[in-house]
1. Only residues of region 8-32 count here: report those whose backbone N is under 13 Å from the spot 7 Å along Cα→Cβ of T48, or say none.
2. Which whole-number value in Å³ per residue fits the convex hull of the alpha carbons of region 5-135?
3. Hand me the GluC sites (Glu not before Pro) from region 33-134 located in a DSSP loop with no more than 14 other Cβ atoms within 10 Å, in residue order please.
4. Can you tell me the dipole magnitude for region 5-135 around its Cα centre, using point charges on the Cβ only (Lys, Arg +1; Asp, Glu -1), in Debye to the nearest 20?
5. Picking from F18, I103, Y55, whose Cα lies most toward the positive end of the charge dipole for region 7-129 (charges on Cβ: Lys, Arg +1; Asp, Glu -1)?
6. Using heavy-atom solvent-accessible surface (probe 1.4 Å) with all chains present, what is the largest-first order of H15, H41?
7. Working out 0.36 nm times the residue gap between H15 and Q95, then minus their Cα-Cα distance, what length gain in nm do you get to one decimal?
8. How much of the accessible area of region 5-135, in percent, comes from carbon and sulfur atoms when a 1.4 Å probe is used?
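The values are calculated or read from the model by the stated rules, or taken from the named source; none is laboratory data. Since this is a predicted model, take the numbers as computed values, not measurements. Every residue, glycine as well, gets a Cβ built from its backbone with ideal geometry; the counts of neighbours run over all protein chains shown. In case anyone asks, the SASA skips ligands and DNA or RNA and just uses the protein heavy atoms, side chains included. Shrake-Rupley method; radii C 1.70, N 1.55, O 1.52, S 1.80 Å.
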Amino acid sequence: MAKDFREMLVESSRHEQFGRFFKELAIGIKVVLSFQASETHACEPAQTLDDIYAYTKWEVSLRQVDKPIDVPIIGAWDAFKEKDWAAPFDRPEFQRAMVGELIPTEHCQRVLEDVIEYAMSKDQMDSEDDIRIVDPEVNLKRAGGCGSGCGTKKPVAKKASQ
């Protein structure tokens, strides 16, 4: 079982009008997970509380670094869409993330564990210690190169002139 997701949350910003935002969790090289709760998010209670353990429901989003997460075959959502917690998630128009509103705390924990399991099964990370905490505004690029299927070729050595 993974560490409690609330222990990983780092406040990124807080504003009276725009609420509070937590940094995102980059899990493996593909999936970024976001847990949010404030008066501007779909959470319970719909307030900005200093005690994050007082929330019973959260606004959660899963996105992919390079493409919309729900693109068939290459999107990570294929691995999650049949999970018990997945039903309330939807991809809002003009967004690349799957967003769930009022997600119970126990389901949030399961989301985290399932995403960690996914990344480890794809050899994208060795343990939950590899989770990176990132600012939501940062444009993430895939880490670790292109792998074996990227199509790059070694330069051909020129023949010595005779």
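1. From region 8-32, the list is 11-22.
2. 103 Å³
3. E82, E93
4. Magnitude of the dipole: close to 360 debye.
5. F18
6. H15, H41
7. Value of the extension gain: 26.5 nm.
8. Working: 3170 of 6680 Å².
That fraction is 47 percent.
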